[in-house]
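The values are calculated or read from the model by the stated rules, or taken from the named source; none is laboratory data. None of the values given here were measured: they were computed from a predicted structure. Quick reminder, even Gly has a Cβ in these numbers, built from the backbone with ideal geometry, and neighbours come from all protein chains shown. These area figures cover heavy atoms from the full protein model, side chains too; ligands, DNA and RNA do not enter into them. Shrake-Rupley method; radii C 1.70, N 1.55, O 1.52, S 1.80 Å.
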Amino acid sequence: MRILTRYVLREFLIPFGYCLAGFISIYVLFELFGSFSRMMSSEASLQLVVKYLLGYLAPYFHYLVPAALMLATLYTMWSFCRHSEIIAMRASGVSFIAIVKPLLSVSILSALLVAWVNESFVPRYAHWANQLKNERFSIEKIERADNIVYRNSTEHRTWNINRVLDAEGKSLKDVRIAIDRASGARLRNITAAKAEFLDGQWWFYEPKVQHYDVSGQEIATPVPEMDALKFRCFSEFTETPSDFILQNRPWRYNSVRDRFRYIEKHREITKEAKNELLYDTWAQIVSPLACIIITLFAIPAGIASGRQSVFKGILGALGMFFAFYGFTIACMIVAKNGWCNAIFAAVIPDLTFLALGIRAFFKQR
């Protein structure tokens, strides 16, 4: 790594770390004001409290990181211009791209981190943290999910699950499955005291199977040897444990993969509801781009604050920051009211401001 790159990176990472830590501290303090008494009364361990706070902060991470990047970029570029460092670098034959490359690299890495948090950390811990708070930090009360009803409209199956025994949804207690024909008439009922997901298939303990004719009348089993098994695999069931966990988890905490799977499995939802779900899904896909967009705007704004006026640069950056999120909110309202294609409304703010940011960046160069 070149000496110049290390220098720029150091000068940028220090304010970025301070800004991000400051924003996180504000959220943590506000949350502690409301939950501290519950934590103390439940005698929650430090490890549990830290895990809870991480889960609580995770859904807001994709807002905090772009804000921290904006302030850190503004300060770094202002400092370089204020002390004529950019002039010295350019006079030494260093290109403008080489000077700001560390800032852009950090913004790209931050975008990848935000994407990972949205896809992996939020689904696993954000809902858990919300449940933990609602149960007054009693870990025993949230380790299972009760009374889940899951409808697979594509394959005409309805699962009624009394209790999920583990966090992954692979062990179920008191399961009843109603299987219908395409016409809506009942085909089979399957009940079992326990079911487990082993090697990608559902295994039932002591299942009881009832068969019905086309008129809905119960008939004798056509496969008595199979139905008499005490431990049986139902390989035709395509439902996965994540489907049941998804059914019991608020939509805002789901990953993009889970959201697409939900839309695919629930074809009975209305066009208006599907439009809303598609908008939320695609908005989450493009949300990490905000890290790069905000940095592209903040670089020329920071240079302007150093060369011309501090307030001009800061107000310009803040104006673009709020314009970006204001346009995003406006597109969300338009999409969820059915006035525009959901996918187009989700991606157009990011693509528009990305193009504007690139233009401003190269104009400053």
Ranked order, MET320, MET77, MET226 - accessible area, probe 1.4 Å, largest first: MET226, MET320, MET77
For LEU165, distant residues with modelled amide H under 5 Å away: SER171, LEU172, LYS173
Under 12 Å, Cβ to Cβ, from LEU53 - net charge with Lys/Arg +1 and Asp/Glu -1: +1
In sequence order, calculated HN-Hα J values of segment 321-331 (Karplus, 6.51, -1.76, 1.60; Hz; x Gly/Pro): 4, 6, 5, 4, 6, x, 5, 4, 5, 4, 5
Computed label-point distance, nm, for sites LEU112 and LEU198 using a 7 Å Cα→Cβ extension: 4.0 nm
TRP339-ARG188 pseudo-label distance in nm [points 7 Å out on the Cα-to-Cβ vector]: 5.0 nm
Contour minus Cα-Cα distance for ASN147 and GLN47 (0.36 nm per residue): 33.0 nm
Karplus 3J(HN,Hα) series, Hz, for segment 225-235 with 6.51 cos²θ - 1.76 cosθ + 1.60 (x for Gly, Pro): 5, 5, 6, 8, 5, 7, 9, 10, 9, 10, 5
Residue-level accessible surface for SER183, protein heavy atoms, 1.4 Å, Å²: 100 Å²
Residues LYS312 and GLU135, FRET efficiency given R0 of 51 Å [Cβ-Cβ distance, rounded to 0.05]: 0.50
Between segment 163-179 and segment 187-256, the alpha-carbon center distance in angstrom: 9 Å
Hits among lysines - C-alpha to C-alpha of LYS101 under 22 Å, sequence gap 8 or more where chains match: LYS363
Heavy-atom accessible area order for TRP339, TRP128, largest first, 1.4 Å probe: TRP339, TRP128
Where labels lie 7 Å past Cα in the beta-carbon direction, separation of GLU218 and ASN162 in nm: 1.8 nm
Accessible area (Å², 1.4 Å probe, nearest 10) - GLU85: 40 Å²
MRE, 222 nm, helices only [DSSP H, n ≥ 4, -39500 (n - 2.57), over the chain, to nearest 500]: -20000 deg cm²/dmol
Which listed pairs, of LYS170/LYS271; LYS133/LYS274; LYS170/LYS265; LYS208/LYS274; LYS133/LYS170, have C-alpha distances above 27 Å, in listed order: LYS170/LYS271; LYS133/LYS274; LYS208/LYS274
Gain upon complete extension [PHE231, SER105; 0.36 nm per residue less C-alpha separation]: 39.9 nm
Spatially proximal aspartates and glutamates relative to LYS336 (Cα-Cα < 14 Å; intrachain offsets below 8 disregarded): GLU272, GLU276, ASP280
For segment 153-160, 3J(HN,Hα) per residue [Karplus equation, 6.51 cos²θ - 1.76 cosθ + 1.60, θ = phi - 60°, Hz, x = Gly/Pro]: 5, 5, 10, 6, 10, 10, 9, 10
Rounded accessible area of GLU119 (nearest 10 Å², 1.4 Å probe): 70 Å²
Choice from ALA220, ALA111, ALA317 showing the highest fluctuation, given a GNM over the chain with Cα pairs closer than 10 Å: ALA220
